[in-house]
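Below is one structure; the comments refer to it alone.
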Amino acid sequence: MDTGTMVKTLQDPMGIPFYPILFQFLMVLTFAVHILFVNFTLGLSFLAAYGSARGNEHWGGLSRSLAKATTPNASLAILFGIAPLLFVQVVYDPFWYASNVLSAAWALGFIAILMLGYGLTYVYYLKGRPGRGAGFGAIGLLSFALFLLAGVIMHVLGYQLLLPEKWLHWYIEGNSVNASGTSLHAFQLPRFLHFVVPSFAMTGLFLMLYAWYFKDRADRDREQLAWVAGTGAGMAFLFTALQALVGVWWLFSLPPEFRFFRDPFFLVAAGMGVSLLFYLYRARKDPFRYAVPSSIWAFLTIFAMSYSREALRMKYVGRFGYSIFDHKLNLDLGSTALFFCTFIAGMFIVSYPVYVAYASGRTAGQYTASPAMHRWGSAGLALLLLWIAVVAGLGIVISVKNYL
């Protein structure tokens with residue numbers, strides 16, 4: 001059996017419930033949001049430990065704030081990582097599941113590693129105050145290392161799925177079958193660095209946003225905020241430039257037959273990356289002014305690069321006659337409508353605590369919500385209860401119907 005036939009044999013015979021182009025778009029969009037918070041998590045966890053080690057006037061106070069910011073960013077990275085993971089299982093199911101089975105121990109261990117890193121972040125934030133000893137800085141560094149290891153695992157799982165011609169070789173070693181799932185079979189350094197290096201560029205943008213966010217509060221040290229903004233602008237420019245070099249390295253490591261340098265998605269992403277670099281060069285002169293527009297442009301660049309990444313993945317799997325647009329379509333409007341209603345309701349419900357957190361942080365002292373905010377919160381709670389009732393009701397009706 002050739003590789004293309006093997007892949008199509010592994011494909012889900014039930015098909016997919018809606019048009020694949022929609023799943024592809026949502027996969028790319030949610031991945032862009034997910035990788036943004038992954039970048040924040042990696043960069044902030046490292047800078048928090050670094051700042052603790054430096055312990056000078058500027059870094060000492062900032063370190064604890066960065067440790068505190070790491071926890072919600074890690075939560076959001078996990079939250080927004082669920083959606084692209086589900087979408088890739090829908091449109092690339094034979095590739096994703098085969099890659100996970102080949103490294104099953106690591107795929108399962110990923111959860112434990114992520115939980116441990118997340119837990120140590122809280123230990124470092126809650127206990128790692130100045131004067132508590134260097135051991136707490138080591139805890140912060142260990143948390144970063146565990147997050148980085150989790151990134152290595154996901155990188156390998158994502159890269160292994162692109163190489164189905166090697167699956168049997170990895171599974172059958174000599175005259176024996178390796179069913180342990182304890183090996184990580186494929187690692188490509190430039191590809192991995194292309195996801196890691198931006199962490200420090202995006203963390204630089206985070207520092208710029210941090211300074212911009214607190215600049216109007218009277219209880220904040222203006223000189224400290226200016227230092228944070230300048231440091232962030234310098235980091236953002238330096239690591240974006242380094243990311244461009246890593247991107248060129250990755251481009252030249254791709255199979256020559258792809259001619260990916262001519263792909264329109266790559267050209268758009270590369271153009272946006274270059275323009276972002278020049279924009280960040282200007283941002284160093286006035287980090288407060290450029291903080292928000294630089295961050296918006298950076299996210300749009302990440303989104304364009306995510307689409308470029310998807311175009312590259314389609315070239316990899318296309319070598320074996322596989323296309324997500326050839327999926328069997330088993331149209332199910334009910335489940336699709338429920339999905340989008342859940343998404344819209346979720347965005348409305350989550351927007352309330354997000355706005356409260358934003359508004360309270362910009363207020364010196366106690367924050368008092370307006371009557372409109374109270375109505376917003378009540379509406380969100382009512383919508384959540386309605387969603388639970390609808391989903392639970394549908395589950396009961398479908399279960400009874402299937403039983404009868």
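The values are calculated or read from the model by the stated rules, or taken from the named source; none is laboratory data. Small disclaimer: the values here were computed from a predicted structure and weren't measured. Using ideal geometry, Cβ is built from the backbone for each residue, glycine included, and neighbour counts are taken over all protein chains shown.
Confirm whether THR240 is over 22 Å from LEU189 (Cβ atoms), of a type in the set (S, T, N, Q) and touching a helix residue (DSSP H, G or I) at 6+ places or on another chain (Cβ under 7 Å). No; evaluated as a whole, the condition is false for this residue. Filtered by the rule that a residue be surrounded by fewer than 17 Cβ atoms within 10 Å (Cβ to Cβ), more than 14 Å from PHE187 (Cα to Cα) and of a type outside the set (S, T, N, Q), segment 149-175 gives GLU165, LEU168, HIS169, TYR171, ILE172, GLU173, GLY174. The criterion of at least 1 residues that are polar (S, T, N, Q) and either under 23 Å from the mean Cα position of the chain (by Cα) or at pLDDT below 90 (or both) is met by the following helices (runs of 4 or more DSSP H) wholly inside segment 132-231: 135-160, 189-214.
Residue by residue, here is whether (1) in a helix (DSSP H, G or I); (2) touching a residue at least 40 places away in the same chain (Cβ under 8 Å); (3) touching a strand residue (DSSP E or B) at 6+ places or on another chain (Cβ under 8 Å) holds:
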residue	(1), (2), (3)
VAL274	yes, no, no
PHE288	yes, yes, no
LEU300	yes, no, no
ARG313	yes, yes, no
THR342	yes, yes, no
ALA345	yes, yes, no
SER360	yes, no, no
GLN366	no, no, no
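Taking residues in segment 102-126 that are over 30 Å from ALA179 (Cα atoms) and at pLDDT below 95, and partners anywhere that are part of a helix (DSSP H, G or I) and among the basic types (Lys, Arg), the pairs with Cβ atoms closer than 9 Å and at least 6 places apart or on different chains are TYR125/ARG64; TYR125/LYS68.
Taking (1) hydroxyl-bearing (Ser, Thr, Tyr); (2) assigned to a helix (DSSP H, G or I); (3) assigned by TED's automatic domain parsing to the domain that holds PHE214 in turn, SER378 satisfies each apart from (3).
Within segment 19-28, one or more residues are aromatic (Phe, Trp, Tyr), outside any helix (DSSP H, G or I) and surrounded by fewer than 16 Cβ atoms within 10 Å (Cβ to Cβ). Just to be sure, is LEU280 crowded, with 22+ Cβ neighbours inside 10 Å and assigned to a helix (DSSP H, G or I)? Taking the combined requirement at face value, the residue satisfies it. The residue pairs whose first member lies in segment 234-261 and is within 15 Å of LEU276 (Cβ to Cβ) and touching a residue at least 40 places away in the same chain (Cβ under 8 Å), whose second member is assigned to a helix (DSSP H, G or I) and β-branched (Val, Ile, Thr), and whose beta carbons are closer than 7 Å, counting only pairs six or more residues apart or on different chains, are PHE239/VAL197; LEU242/VAL197; GLN243/VAL197; VAL246/VAL197.
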